[in-house]
Amino acid sequence: MGVILRGGIIVTAVDYYKADIRMEGEKVIAIGEGIALPEDHILDVEGCFLLPGGVDVHTHFDLPVGNTVTADDFSSGTQGAIIGGTTTVVDYATQFKGQTLKEALMAWHAKARGKNYTDYGFHMAISDWNDDIAEEICWLSKSAGVTSIKLYMAYKNVLQVNDDILFKAFTKGKQHGVLVCVHCENGDMIYNLVNQYRSQGNVTPYYHSLSRPIIAEEEAVTRVIAIAQAAQSQVYIVHLSSNLALQVVMKAKAKGNKVYAETCPQYLLLDESYYNHSFESTKYVISPPLRQKENQDFLWRGLSNRILDVVATDHCSFNFNGQKDAGLQDFSMIPNGIPGVENRLSLLYTYGVVPGKISMNTFVNVTATQPAKIFGLFPRKGTIAPGSDADIVVWDTNHTFVIRAETQYQRVDYTPYEGLQQKGKARHVFLRGRQVVHHGKLCDVNPHGIYLPRQGIR
Ligand code: DUC
Ligand code: ZN
Ligand code: ZN
């Protein structure tokens, strides 16, 4: 027996058309008219969009940071994701000092196994690069299905790597089909600014943003693109936040450099006015920080003209009470990060598609198709086509709701989007053919997500 979704409008990165979808087992089997077999179950989705399940390629679930751990683990994080229409996440497995990549990856598998409501893959964030680690990149890609790594240009004395390591990582990555993702902020500039503010007694969250100016991002983006070019490698820039950094990416792409760039809902929708001297503003402490509002129009345009490839969330949640307050006396001690995996599609639809800033095709492209393509999951994920996994979101364009911490599935005590009115919601969600969300509610209490080994990049 198959399932027929009847009467919806299918949207992919390039198409927009009315047709029925037939799913059987885990796959989309047919698209068109008159495709139902006699025993099929028919679901009427008249008036809804049928979208490929969202792919969020930037999450941090169950991540230890300092002496705490992110509020969401794989269970609560992926419940939030699937309710919001995201059916695949690629989480940053993280290597800590002294660990091999294999040890780090096994630790992440242990955290995730049996808990996922979405399908999932892993990147590997590397905090301890050396010759032995470099040799493990081949294993990571060929045997473990992890075809992307991440390095940090910020967090001096903790995660920050120098240009020598960046060059070596790009070279290794190219050799083994591994995409290098980079957090682009100049950590030395930030280190000095943080120390200056603290020594002057300027310790409230307000100084978090002053200590991480746009020039630190612009410089790092410029430098990383140059290093990748010298190593004849591709580069993926995570969480790009400002117009100046966007201009650097635009010029590099125009020159033919293989540069991918990701932004996040928080940079499209929130701005630096959230930082003040109150404890409340710890809720918005992220890196890079929220920017001046005028950056947002440029980022939206960057999405619509496809200079920006991906919208991911960088979901990295810490409770307001009991975690963010570690930085009450010192902004540099506030754990960096915000939640959002549950809200990505509705935020982008409400503030991007509805006012006409991006098209429906771009919406699908940046939330599903491009992330799947860039990270080796396409065409299994990221589109609706015969043979693809039946990860389908039935998107109700007329459903309005308000984002509230008290009703969210994410297990964190606040949301940076509190009170925002949303237009558009995932009514039903199918994960590999199985209905897991019914009328906006999780309808299967069991986690059915599976690990996705990914293909290497070309
Ligand atoms: N960068 C990330 O990508 N995630 C959390 C914190 C950070 O700085
Ligand atoms: Zn980062
Ligand atoms: Zn991140």
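Every read-out reported here was derived from the displayed coordinates using simple, explicitly stated rules and does not represent laboratory data. These numbers come from a predicted model, not from an experiment. Cβ placement follows ideal geometry from the backbone for every residue including glycine, while neighbour counts extend to all protein chains displayed.
Data overview
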read-out	value
Net length gained if the chain between residue 37 and residue 257 were fully extended (0.36 nm per residue, minus Cα distance)	74.3 nm
Dipole axis of the chain (+1 Lys, Arg; -1 Asp, Glu on Cβ), positive-most option in 379, 328, 195	379
Relative exposure of 318, 49, judged by other C-beta atoms within 10 Å (fewest first)	49, 318
Reachable lysines, given that their alpha-carbon falls under 21 Å from the alpha-carbon of residue 255 and they are not under 8 places away in the same chain	174
Per residue convex hull volume, Cα atoms of region 53-374, in Å³	121
Residue 176/residue 73 FRET efficiency (R0 30 Å; Cβ-Cβ; nearest 0.05)	0.50
Cross-link table 97/168; 111/168; 172/381; 142/172, entries beyond 21 Å C-alpha to C-alpha	111/168; 172/381
About the Cα centre, charge dipole magnitude for region 245-375 (Lys/Arg +1, Asp/Glu -1 at Cβ), debye	700
Along the chain, longest interval not containing exposed GluC sites (Glu not before Pro), exposed being DSSP loop plus at most 13 other Cβ atoms within 10 Å	47-417
Eligible lysines near residue 283 by straight Cα distance, threshold 19 Å, same-chain separation 8 or greater	293, 324
Dipole in debye (nearest 20) - region 16-145, about Cα centre, beta carbon charges: Lys, Arg +1; Asp, Glu -1	240
Charge dipole magnitude, Cβ of K and R +1, D and E -1 - the chain, Cα centre, debye nearest 20	740
Crossing angle, helix 101-112 versus the chain [Cα axis fit, 0-90 degrees, rounded to tens]	50
Full-stretch length increase - residue 18, residue 279 - with 0.36 nm per residue and alpha-carbon distance subtracted	89.0 nm
Of 18/258; 251/373; 102/373, pairs whose Cα-Cα distance is over 29 Å	18/258
Tilt relative to the chain, helix 187-199 - C-alpha long axis, 0 to 90 degrees, to 10	60
Cα-based helix-to-principal-axis angle, 214-230 vs the chain, degrees rounded to 10	80
Leading residue at positive end of dipole, the chain (Cβ point charges), from 397, 289, 28	28
Packing-based exposure ordering (other Cβ within 10 Å, fewest first) of 146, 445, 65	445, 65, 146
